[in-house]
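Take this structure, written in structure tokens, and hold onto it; I'll ask about it next.
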Amino acid sequence: MKRRLVVAVIGAGDAPRAVCKLAFEIGREIARCGAVLLNGGRTGVMESAAAGAREEGGHTIGILPGYDRRAANRHVEFVIATGIGEARNAVIVASADAVVALAGEGGTLAEIGFAKKFGKPIVAIDSWPEINGLHRADTPADAVALALKLAASRSRRRS
């Protein structure tokens, strides 16, 4: 059985409405493409992306910082309560085949740093212009398509 590609969607937990709308559309695209959405399982970008994926019948995984599974947003299908705090950011990125980055703060920046260190493809949409080495996309569909293309290419090289 072939394993589905996993795309982490990262961004602010207290994101403004426009960023959440982008996250929702990215989640929808991930599900439409048959990939699995992975994120931190809480609010803002995380909740919006998971809602979009679930609306399209996609699978969602939330990696929580604490031990309480009830802290996950209602759109997370598979909840992983870690109890490791912000170190869960490394788990999110390590578990993904590619990362789509939206506007965020320190946690998002840490996840981008882990993705760069782990050699994971990162696609930024409307965010992080000051960071070199990120792939760029203008639309949610383009961001997901590029993330999946890069992930598949990386996977073939490692086989």
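The values are calculated or read from the model by the stated rules, or taken from the named source; none is laboratory data. Every value quoted in this text rests on a predicted model; they were computed, and no experiment measured them. All Cβ positions, even for glycine, are placed from backbone atoms using ideal geometry, and neighbour counts span all protein chains on display. For accessibility, only protein heavy atoms count, side chains too; no ligands or nucleic acids. Shrake-Rupley method; radii C 1.70, N 1.55, O 1.52, S 1.80 Å.
As I understand it, the dipole of segment 25-159 uses +1 on the Cβ of Lys and Arg and -1 on the Cβ of Asp and Glu, about the Cα centre. Which of Val144, Ala103, Ile80 lies farthest toward its positive end?
The Cα lying farthest towards the positive end belongs to Ile80.
Here's a follow-up. Taking the Cα centre as origin and putting +1 on Lys and Arg beta-carbons and -1 on Asp and Glu beta-carbons, what dipole magnitude results for the chain, to the nearest 20 debye?
Around 760 debye, computed over the chain.
Let me ask something additional. Determine the per residue accessible area of segment 1-139 with all protein chains present and a 1.4 angstrom probe, expressed in square angstrom. Don't jump to the answer; show the numbers that get you there.
Numbers: 6630 Å² over 139 residues.
Heavy-atom accessible area per residue stands at 48 Å².
Here's something else I'd like to know. Tell me, what HN-Hα J-couplings in whole Hz come from the Karplus equation 6.51 cos²θ - 1.76 cosθ + 1.60 at θ = phi - 60° for each residue of segment 71-87, using x for Gly and Pro?
Per-residue couplings from phi come out as 6, 6, 5, 5, 9, 7, 7, 10, 9, 10, 8, 9, x, 10, x, 5, 4 Hz.
While we're here: Please enumerate, by chain and number, the lysines with C-alpha under 27 Å from the C-alpha of Lys2, excluding those fewer than 8 residues away in the same chain.
Lys116, Lys117, Lys120, Lys149
Could you point to the label whose value was computed as Rg and Dmax of the Cα atoms in Å for the structure here, given (1) 13.8, 41; (2) 15.1, 45; (3) 20.1, 58?
Matching entry in (1) 13.8, 41; (2) 15.1, 45; (3) 20.1, 58: (1).
Also: For segment 110-159, what does the alpha-carbon gyration tensor say about shape, rounded, prolate or oblate, given a ≥ b ≥ c as the root eigenvalues, a/c under 1.5 as rounded, and a/b over b/c as prolate? Provide the component values of the computation, followed by the final result.
Values: a/c = 2.69, a/b = 1.20, b/c = 2.24.
It is oblate, given that a/c is not under 1.5 and a/b is not larger than b/c.
List the residues whose amide H sits under 5 Å from the amide H of Ala124, counting only those 5 or more places along or on another chain, with H placed 1.01 Å from N in the peptide plane.
Ala101, His135, Arg136, Ala137
Using alpha carbons only, how many angstrom separate the centre of segment 1-43 from the centre of segment 95-159?
12
Next question, about the same structure. Using DSSP H assignments, which helices in the chain have an axial alpha-carbon span of 20 Å or above and a mean Kyte-Doolittle hydropathy of -1.0 or higher?
17-32, 140-158
Next up: Can you classify segment 24-105 as rounded, prolate or oblate using the Cα gyration tensor, where a ≥ b ≥ c are the square roots of its eigenvalues, rounded means a/c under 1.5, and otherwise it's prolate if a/b beats b/c and oblate if not?
It is prolate, given that a/c is not under 1.5 and a/b is the larger ratio.
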